[in-house]
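Step one of this worksheet: look at the structure below.
The values are calculated or read from the model by the stated rules, or taken from the named source; none is laboratory data. Since we're looking at a predicted model, the values are computed, not measured. Don't worry about glycine lacking a Cβ; one is built from the backbone with ideal geometry, like all the others, and counts go over all protein chains shown. Accessible surface areas use protein heavy atoms only, side chains included; no ligands, DNA or RNA. Shrake-Rupley method; radii C 1.70, N 1.55, O 1.52, S 1.80 Å.
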Amino acid sequence: MFENLSEKLQRAFKSLRGQGIITEENIGDALREIRVALLEADVNLNVVKELVEHIRIKAIGQEVLTALSPAEQVIKIVRDELMTLLGKDTARFQFASRPPTVILMAGLQGSGKTTTSGKLAAWLQKGGHRPMLVSVDVYRPAAREQLKVVAASIKASLYEGDLKGEAPGSALVERLAKEARREAVNSGCDTLIVDTAGRLHIDEDLMDEMQRLKTLLNPQEILFIADAMTGQDAVRSAEEFHKRLALTGVVLTKMDGDARGGAALSIRQVTGQPVKFIGTGEKPTAFEPFHPDRIVGRILGMGDIMTLIERAEETLDKKKSEDFAKKALSGDGFSLEDFRDQLRQIRKLGSLQSIMKMLPSVGPFQGIQQMADQVDEKQFVRVEAIINSMTPKERNHHEIISGNRRKRIARGSGTSVQEVNQLLRQYAQMRKMFKTAGKGGALQRRLMGTMGGMRGMGR
Amino acid sequence: MIQTLFGSLDEPEKKSIFDRMKQAVSRTRENLEQRIEGIIALTREVDEATLEELEQSLIASDLGVTTTEEILTTLRDHAKRQRIRDGAELRQLLKTEIKAILDQQDRPIRAVSGPQIILLVGVNGTGKTTTAGKLAAVYRSQGKSVLLCAADTFRAAAIEQLEVWSQRSGVELIKSKQGGDPTAVLFDAVQVAKKRNFDVVIVDTAGRLHTKGGLMAELDKMRRITQRLIVDAPHEVLLVMDATTGQNGLQQARLFTESAGVTGIVLTKLDGTAKGGIAVAIARELNLPVRYVGVGEKIEDLLPFDSEAFAESLLGGG
C-alpha cells in the first residue's frame, strides 16, 4: 500500500499538466494525496496539517515550469518543506570542555536504549574516545546484565557497581550514577554513557527521577531514543520528555525495517531538537549519523532520486549529457562512441547497485531496487572493453560490424561473440527506445539523458 | 533487468491528452458527487463537525487513513439509514462499528488434549519477554501447570530476564545459553512438556524485524519443529505489538502471519497515552483478534482484551 505514494502523486498531478499555473483548484487532489502520504508515514496529524498548509501557500501561484513536470515541482516543494522542518545539516555531537562528557539515554520501554548505548560507545571508540557505560536501570529484570554483555562484546569499560541489596528506587539509581561518574574520572574515561530504565512519559515518579539524574550529572547530551515505527503518539512522549529534561537530540532506532519513520518529523517539530543518529541493525556497528535528506525520500517513498539527480548534476559533464540526450532522442540516434562516453560518466556516479537503490520503487523503475543485488558490476567493464576493441568507424557506424568483425572484437576484448552480439542487440533496441521516448515526462527525459548508458548493463 | 530499467521495450501504450483529461475529470466528478451526497445526508441528520472530529480521533489513535475512511463511509451509510440525529448518537454508532470489527475476529481458543504450545513473536522491544512472564502467571492462576521456554538466545540477557519472571510466577523454565540454537531449546521444552504432562508451554522468541528474511524463516522452522512433536501445535502464535506502533504495524502483522502463522495479538504498553488503533486495522485486514493487553510492569498487568473499553478509548472517551 505504501508503495503507491509516488504513483498517486503522479496521478494527482496529471490533471495539472498543460495548465500554466498552480491554483487553489488544481492542486487540491495533490494536497490530499500528500496529506494521506504523510499520515501513512506516521507523521503526526497536527504536523501534517501545518505542513500541508505551508506547501499549499508555497505552491499556489507558481508558474508550471517547463523544465519540471508539475508533479516534480510540487514534490520539490514538499521535499524542501520536510527538509526545512528536519534541519538541513547533520547534527553535531556535543563534548564537554572538561571530560568526562556525560550522555544520558532516555526513552520509553523497548525503544532500544541499552542496544543504542552499546552502539554509541562503539562509535565513540572508533572516534578515539574512551567511553564508560553504566546502567542505572534497577527495575527491569536483567537490564543491567544486558548492558554488561553488550559492553563486553565491544570491549568497552563498564561501571557495574554494587547494589548491596538495596531496594530498587531512585536513591539507588542516583548512587550508581554518582559512583559511575567518579569511576569514569578515576579510570581516565572521557565519556560516560548512562543507560536508564525505560519509562512512560506520564509516570510522575520515574520522570522526577530522570530530572534528578540530570541535575546530578549535568550531561552534555540528553538523547531521546525513539522507535522508528512509532505512530501518532510520538509527539506526546517526546514533548513530555523534552519538557522535563530539555533534550539535546534524538536517536531513531530500528531504521533497518520498512517503517517510513514519519515520527522523526513529529519529534523534531515538538522538541526542536535534531535527530543525531539512527540505528540500522543488531550489530554494534549498525549505527550512523542522521542525514535528513535520506529520511525525507523514505517518508515520501521516493527512493533517493533527488540526491541522485543532484549527484548526477554535480558529477556529470552537463553539456555532454545534454548533447547525448539531444542526439539520442533525435532521428539520428546515438552512436556506440556516445554510449561509451555515457558509460564512463555514469561510473563516476558510483556503483550501479548504489544508483539502482536510489531510484524510486514505483513507476518506470518498479522492481529495480530488488534487482540491485543481482547486478554484476563487471558487466560495465566488459561492455566498455567491447566498445574499446572496435575501430572508430565501427563505433560510429554499428551496421558495418559483420560476423568477422564481431569475432575480432570478442577476441580483442577478451569476451565472447555472444556477448558482443548481445551488446549490439541491446544497443539497437536502446536507440529505438530513446527515439520514441521523447514524449515521456521531463524527469524521465533527464534521467535518460544522464543515465542512458545504464541500459545494456544488465542481464 | 534492462527491460525494467526504462520500462518495457515494447512501445508504451500512449494515452491521448483527451483520454487523460477524461480520466482526471471523471475522478474529480466522482469525488464531488460523493462529497455532495455525504454533505446532504449529514446536514440533514448529523453535523459534519462531529464527523470530522471523529475522523481526527481515529487517525490520532493510529487506525490509519485507509481504515478510518472505510469505517467512516460505513458509518455515514448507517447513519443515513438509522436516522441518526445528533453527534452523541453518531459517536455511539461508531463505537459499535469498531467493536464489531474487533469482535468478529474473536475465535475461541482451541481446546487441546496434550500440552498447549503458545509462541510469542514480534519485532524488537515490544515486550515479548515481559508478556511471557505475565502470561505464565495468568495460566498459573487458572490452576494450570506452565512451562516457560527461553527461545530468545540472541539478545543479551534475555534468558536471565525470563528467569526472573519464571521465579516471580513460580513456573519452571527451559533454557540454554546465549547464542544457542533457539529451535533446540524449543524442541527440548516441548518434549519435557509432553513427558511430564504440562498444560501450557509459553515460548519467548527473539525480537526480529519482519523485513529480515532469514530470521523470519527461523520462526517458520520453529513452528515446524513443534509440529513434529505435537501435530496441531503451535496452538497459539501471539504477535506482541507495542501500542505506540504506527502504520508499520500492519506490515508487521502481515509478514509475521506469513512466516509464523499468527493467531492473535497482544497489545502492550497500553498504560501510556498511545491508543493502539493499529489493532483495528489489523483486525479488519487480517482477521486477527486481540487476545490480551499489557497495562504495566507488574505481573498482574496483563488483561484479557475488552473491545468495548478499547473502542471507547479510541474515540477519546477513555
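Would you pick out the residues in the range A:108-157 that are in a strand (DSSP E or B) and either facing chain B (nearest Cβ under 8 Å) or surrounded by fewer than 22 Cβ atoms within 10 Å (Cβ to Cβ) (or both)?
Applying the first criterion (in a strand (DSSP E or B)) to the range A:108-157 yields A:131-135, A:157.
A:S157, the sole residue that qualifies.
Every residue in the range B:187-215 that is among the small types (G, A, S), open to solvent by less than 40 Å² (accessible area, probe 1.4 Å) and closer than 17 Å to B:T153 by Cβ, please.
If the condition is that a residue be among the small types (G, A, S), open to solvent by less than 40 Å² (accessible area, probe 1.4 Å) and closer than 17 Å to B:T153 by Cβ, then B:A189, B:A206, B:G207 are the ones that fit.
Matching residues to (1) closer than 23 Å to B:E55 by Cβ; (2) open to solvent by 10 Å² or more (accessible area, probe 1.4 Å); (3) part of a strand (DSSP E or B); (4) touching a residue at least 12 places away in the same chain (Cβ under 8 Å):
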| site | (1), (2), (3), (4) |
| --- | --- |
| B:R224 | no, yes, no, no |
| B:A233 | no, no, no, yes |
| B:I265 | no, no, yes, yes |
| B:F310 | yes, yes, no, yes |
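When the range A:158-172 is filtered for residues that are hydrophobic (A, V, I, L, M, F, W, C) and either open to solvent by 50 Å² or more (accessible area, probe 1.4 Å) or within 13 Å of chain B (Cβ to nearest Cβ) (or both), the ones remaining, listed by number, are A:L158, A:L163, A:A167, A:A171. Apart from one condition, B:E218 fits all of (1) within 14 Å of chain A (Cβ to nearest Cβ); (2) in a helix (DSSP H, G or I); (3) open to solvent by 10 Å² or more (accessible area, probe 1.4 Å); (4) under 16 Å from B:S61 (Cα atoms); the exception is (4).
Within the range B:265-294, if we keep just the residues that are under 19 Å from B:T129 (Cα atoms) and away from chain A (no Cβ under 11 Å), the residue that is nearest to the chain's Cα centre (by Cα) turns out to be B:I265. Pairs linking a residue in the range B:248-261 that is under 12 Å from B:L288 (Cα atoms) to a residue that is open to solvent by 10 Å² or more (accessible area, probe 1.4 Å) and assigned to a helix (DSSP H, G or I), with Cβ atoms under 7 Å and 6 or more positions apart or on different chains, are B:L250/B:E285; B:A253/B:L286; B:R254/B:L286; B:T257/B:L286; B:G261/B:R223. When each of A:D227, A:D195, A:D256, A:D205 is tested for being within 14 Å of chain B (Cβ to nearest Cβ) and open to solvent by 50 Å² or more (accessible area, probe 1.4 Å), the lone residue that passes is A:D205. It is to be established whether one or more residues within the range B:275-283 are in a loop (DSSP other than H, G, I, E, B), open to solvent by 10 Å² or more (accessible area, probe 1.4 Å) and of a type outside the set (S, T, Y). Yes, there is a match, as at least one residue in the range B:275-283 is in a loop (DSSP other than H, G, I, E, B), open to solvent by 10 Å² or more (accessible area, probe 1.4 Å) and of a type outside the set (S, T, Y). Of the numbered criteria (1) among the acidic types (D, E); (2) closer than 24 Å to B:N124 by Cβ; (3) in a helix (DSSP H, G or I), the one B:D188 fails is (2).
The one condition from (1) among the aliphatic types (A, V, I, L, M); (2) open to solvent by 10 Å² or more (accessible area, probe 1.4 Å); (3) touching a helix residue (DSSP H, G or I) at 6+ places or on another chain (Cβ under 7 Å); (4) part of a helix (DSSP H, G or I) that B:A253 does not meet is (2).
Restricting A:R425, A:R382 to residues that are part of a helix (DSSP H, G or I), more than 30 Å from A:V296 (Cα to Cα), more than 13 Å from chain B (Cβ to nearest Cβ) and modelled with pLDDT of 75 or more narrows the list to A:R382.
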